[in-house]
Every structure is written in structure tokens, then in C-alpha cells.
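> So that we are looking at the same thing, I have put the structure below in C-alpha cells.
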Amino acid sequence: MPDLKPMEPGVMFWAGRDDLSVVRSLGVRCGQLGLRGNTALTEAAAREWKAALDREAFTLVTVFAAYEGEDYADAPTVRRTVGFIPRETRAERERRTYEVSDFAARLGVGSIACHIGFVPEDPADADYAAVREMVRRVSDHAARHHQTFALETGQEPAEVLLRFIRDVDRPNLRINFDPANMVLYGTGDPIEALRVLAPLVVSVHAKDGDWPPKDVPGALGVERPLGKGAVGMERLVRALSEAGFRGPLNVEHETEDQEQRLREIRDGIDLLRKLIQT
Ligand code: MG
């Protein structure tokens with residue numbers, strides 16, 4: 001595996017959508033692999049991914065878990081369907097997260113991550129305690145593989161996430177910092193959030209987006225190509241550098257049209273390269 005440069009651009013990509021050779025053709029040597037809830041996590045699949053990673057000399061920094069039935073249409077739908085919060089799918093998603101951790105271990109990856117959903121703000125809430133216990137168990141499972149377990153930022157203000165992580169109290173529980181989510185969910189200025197969360201940040205999504213419309217309750221902001229939204233990439237790169245972050249900046253960008261998506265990811269990588277040099 002190549003030694004990565006500080007804040008080297010990488011890509012967040014998905015099994016079943018993005019071939020590693022296509023990701024590599026974007027000019028990156030590192031990234032994060034997302035596994036949808038229906039992706040088969042067999043021994044054979046792990047062997048194939050391992051061989052492809054070795055062949056492409058590609059460093060995978062994180063394996064991300066997504067779950068069947070998740071829907072990011074608007075805030076109430078996210079609350080109802082995403083991560084560890086919905087009760088009906090909690091046990092099944094816990095098992096799946098262990099499988100993702102085991103799969104990542106077979107690939108030699110030292111970090112897993114996911115959106116756990118909206119963390120309840122009230123510690124007296126029954127879901128709060130149940131989700132805290134689940135995050136403890138997942139962290140402990142990941143620790144047996146010497147992995148960190150990173151929570152994606154965005155659905156809650158930085159202080160709420162920090163308080164929750166302290167309450168979970170596991171040394172390998174960390175943060176995958178996604179500045180755009182803070183904007184899309186309207187949970188606070190991402191750079192201010194980074195200052196609060198920086199010591200726990202193990203990985204970063206370079207993503208951009210606009211604030212939610214003020215006149216539509218529950219609406220989320222719209223994701224935008226890197227540099228075209230409200231995050232302020234120059235400010236982000238500077239803040240990460242000041243915080244001492246040295247890991248890759250993984251461009252995350254989702255649009256339906258794959259050609260457009262790859263083109264915009266490539267532009268994002270170019271933008272980061274420019275900003276990192278300055
Ligand atoms: Mg993200």
C-alpha cells in the first residue's frame with residue numbers, strides 16, 4: 001500500500017456501483033468503500049475486493065455500512081428509517097454491522113462507519129439508552145478487529161454528538177466528519193462543529209451542499225458538487241489543517257447520472273488538490 005500524503009484526496013464509493021478500476025481512473029489512491037444493506041458479504045466477495053485493492057495499490061481507509069430500508073427524502077423520513085434509531089430494524093442492523101466489521105477485517109481495514117441516525121437529545125429517552133448500548137456493543141466488536149467505529153456527522157449539532165460519544169465511553173468510537181451534512185440538515189456551521197469534534201475525527205467526507213429552504217418544515221438542503229455549495233472548501237481545508245488532521249479527504253458525491261457524478265467527483269478532486277497545495 002502506498003504511503004498517503006497528508007489530506008490526500010480520496011473517494012467515497014459503493015460496492016455494486018463503482019468498480020475499483022473506475023475509482024482508480026479518477027486519479028486517487030485511497031478512499032472509503034460503502035456497502036449497501038443488500039450487498040453480499042461472502043468470503044468470495046472479500047477475496048475479490050482484497051485482490052482488487054492489492055492489484056490497484058489502493059488504500060481503503062474505511063468500510064461504510066448502509067442498511068436496507070433507509071430513505072433520506074426529508075428529516076422525518078430520515079428519523080423514521082436511518083441507522084440504529086428505528087426499533088423494528090435495530091437487531092437486524094446490529095447483526096449487519098458486525099458482518100460489515102468482519103468483512104472490513106478480511107480486507108485489512110482499520111475503521112468502519114455508518115450513520116446511526118438522529119441521536120435523541122434527551123438522555124432519558126428510552127431509544128437513547130438502547131442506541132447507546134448498541135453503539136457500545138458495535139464498538140466492542142470493532143475493537144476485537146482493532147478497528148475504530150466512526151459515526152457520521154450531520155443529523156445532530158456537534159455538542160449533542162460529542163455528549164453522546166462521551167456517554168458511550170469507548171476508546172475506539174470516533175467520528176467521520178461530513179461538513180455538508182451539517183449544512184443539509186441545518187444543524188450548524190460545519191467549521192465551528194469541526195473545532196468541537198476535531199480530536200475525535202478519524203476520517204472526512206469532502207462533500208458540499210446548500211442549507212435547507214426556510215419555508216419548508218422538515219426539508220433538507222440539496223447536495224452540490226464540491227466547491228458549489230455553502231460549506232466553503234477553502235475554509236474546510238484550512239480548518240482541518242489547523243486541527244492537525246492528516247488523513248485523506250474523501251470526495252463524496254451522489255447524483256443519479258453516473259457519468260455526471262464521476263465528472264463532478266473528478267472536478268472535486270482537482271479542487272482539493274489546488275486547495276491543499278496553497
Ligand atoms: Mg457523508
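The values are calculated or read from the model by the stated rules, or taken from the named source; none is laboratory data. Being a predicted model, the structure only gives us computed values, none of them experimental. Backbone-built Cβ (ideal geometry, glycine too); neighbour counts: all protein chains shown.
> Can you name every residue in segment 111-133 that is more than 22 Å from TYR72 (Cα to Cα) and either surrounded by 18 or more Cβ atoms within 10 Å (Cβ to Cβ) or among the basic types (Lys, Arg) (or both)?
Correct list: SER111, ARG132.
> Within segment 83-108, track down each residue that is touching a residue at least 60 places away in the same chain (Cβ under 8 Å) and of a type in the set (A, V, I, L, M).
Of everything in segment 83-108, those that are touching a residue at least 60 places away in the same chain (Cβ under 8 Å) and of a type in the set (A, V, I, L, M) turn out to be VAL100, LEU107.
> Find the residue count for segment 222-278, including only residues that are without any contact (Cβ under 8 Å) to a residue 40 or more places away in the chain and farther than 26 Å from ARG195 by Cβ.
Residues meeting the conditions: 10.
> Filter segment 82-115 for residues that are hydrophobic (A, V, I, L, M, F, W, C) and part of a helix (DSSP H, G or I); which is nearest to ALA46 (Cα to Cα)?
Just the residues of segment 82-115 that are hydrophobic (A, V, I, L, M, F, W, C), to begin with: 82, 84-85, 91, 100, 103-105, 107, 109, 112-114.
Next, from what is left, pick out any that are part of a helix (DSSP H, G or I): 91, 100, 103-105.
Working: ALA91: 24, VAL100: 11, PHE103: 6, ALA104: 8, ALA105: 9 Å.
The residue in question is PHE103.
> Within segment 14-43, track down each residue that is buried (at least 19 other Cβ atoms within 10 Å of the Cβ) and outside any loop (DSSP other than H, G, I, E, B).
The answer is LEU20, VAL23, CYS30, GLY31, GLN32, LEU33, GLY34, LEU35.
> Would you mind stating whether ASN250 is in a strand (DSSP E or B) and either touching a Cys at 6+ places or on another chain (Cβ under 7 Å) or within 16 Å of the ligand (Cβ to nearest atom) (or both)? I'd like the intermediate steps shown before the answer.
Working: in a strand (DSSP E or B): yes; either touching a Cys at 6+ places or on another chain (Cβ under 7 Å) or within 16 Å of the ligand (Cβ to nearest atom) (or both): yes.
Against the criterion (in a strand (DSSP E or B) and either touching a Cys at 6+ places or on another chain (Cβ under 7 Å) or within 16 Å of the ligand (Cβ to nearest atom) (or both)), ASN250 qualifies.
> Would segment 193-203 turn up any residue that is modelled with pLDDT of 95 or more, of a type in the set (Gly, Ala, Ser) and more than 14 Å from the ligand (Cβ to nearest atom)?
For segment 193-203, residues modelled with pLDDT of 95 or more, of a type in the set (Gly, Ala, Ser) and more than 14 Å from the ligand (Cβ to nearest atom): present.
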